1. Any chance you could run the full-extension gain for Gln115 through Leu230? It's 0.36 nm times the residue separation minus the Cα-Cα distance, nm to one decimal.
2. Using unit Cβ charges (K, R positive; D, E negative) and no other charged atoms, how large, in debye to the nearest 20, is the dipole of the chain about its Cα centre?
3. Can you return the aspartates and glutamates within cross-link range of Lys178? Criterion is Cα-Cα under 14 Å, with same-chain partners fewer than 8 residues away left out.
4. Give the lysines whose C-alpha is closer than 19 Å to that of Lys76, dropping any in the same chain fewer than 8 places away, or say none.
5. Given the Cα-Cα distance of Val214 and Gln126 and 0.36 nm per residue of separation, how much length would full extension add, in nm?
6. Cβ neighbours within 10 Å, averaged per peptide: list 120-127, 166-173 in order, most packed at the top.
7. In whole angstrom, note down how far apart the Cα centers of segment 14-93 and segment 102-135 are.
8. Just going by the charge dipole of the chain, with Lys and Arg at +1 and Asp and Glu at -1 on Cβ, which of Ala45, Phe12, His74 is farthest out on the positive end?
Amino acid sequence: MSAPTSHREVEFKFRVPETTDLDVRGLLAGQGLDVVDHDPRSMTATYFDTPRLSLLRWGITLRTRQGGGDDGWHMKVPAEPSGSGSTRDEIRVDSAATSIPSELASLVSPLTRRQELQPMAVVRTQRRPFVICDASGLELIEVVDDFVDVDSQADAASASSFHEVEVELLVDTKPSRKVAAVISRSLIDAGARPSSISKAAQALGAAAGDPPDVPALPFPDSTAPAIDALQAI
């Protein structure tokens, strides 16, 4: 197992009609950009959380995924927004282990508070990826066309399928944001809807939108051990 790595992810999500045939080249016609098709992928991700969804209610997702070209364990944590779109820090551990890596479990232990992290949802995605490059060959944007099926352990009624397009900045620069804006406008004009709902939140149902799980701990009196005060804080 390799050491954890991390990167800042800035992406824009859109829900599109199931029957939409995404034409990335058509969306960028006349922009002087090159669109590189990559092989389709079939991915399966299992999301872990507590029965109370203690992570997702803070906007954190923890999954193990196979088939995406970056197999292993991924944790995504909300980051300071930088303009529109979803901005998250992704921490990855390259491991085929079935148990959660200790490096990731320890990061969220203050939120789980000894609750067991369990497999809560399975998300299966058929993905078509495209990379958009400028005239010099610099990779600016990745666009992925996803057909998604979700299966929830937390909310059987939330099982569903949907069609989603994600537009991710590969470099966070003015040119790449300009290209992302062009794609976003074209998708919206074609009937897409901007979305802030992650695949995990879709799978786990309405409870995913509940307020963060903050325990109501009474502040101890002056005779209590100091550790009680630290826990209350």
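The values are calculated or read from the model by the stated rules, or taken from the named source; none is laboratory data. Fair warning: this is a prediction, and the values are worked out from it, not measured in the lab. Virtual Cβ from ideal backbone geometry, glycine too; neighbours counted across all protein chains shown. Note: areas computed on protein heavy atoms with side chains; ligands, DNA, RNA excluded. Shrake-Rupley method; radii C 1.70, N 1.55, O 1.52, S 1.80 Å.
1. Working: separation 115, 0.36 × 115 = 41.40 nm, distance 1.91 nm.
Roughly 39.5 nm would be gained on extension.
2. On the way: 23 positive and 34 negative charges, 63 e Å.
So the dipole magnitude of the chain works out to roughly 300 debye.
3. Glu11, Asp134, Glu139, Glu142, Glu168
4. In chain and number order, the partners are Lys13, Lys199.
5. Values: separation 88, 0.36 × 88 = 31.68 nm, distance 3.63 nm.
That works out to 28.0 nm of additional length.
6. Details: 120-127: 20.2, 166-173: 17.2.
Most protected by this proxy first, the peptides run 120-127, 166-173.
7. Cα centres, segment 14-93 to segment 102-135: 10 Å.
8. It is Phe12, whose Cα lies furthest towards the positive end.
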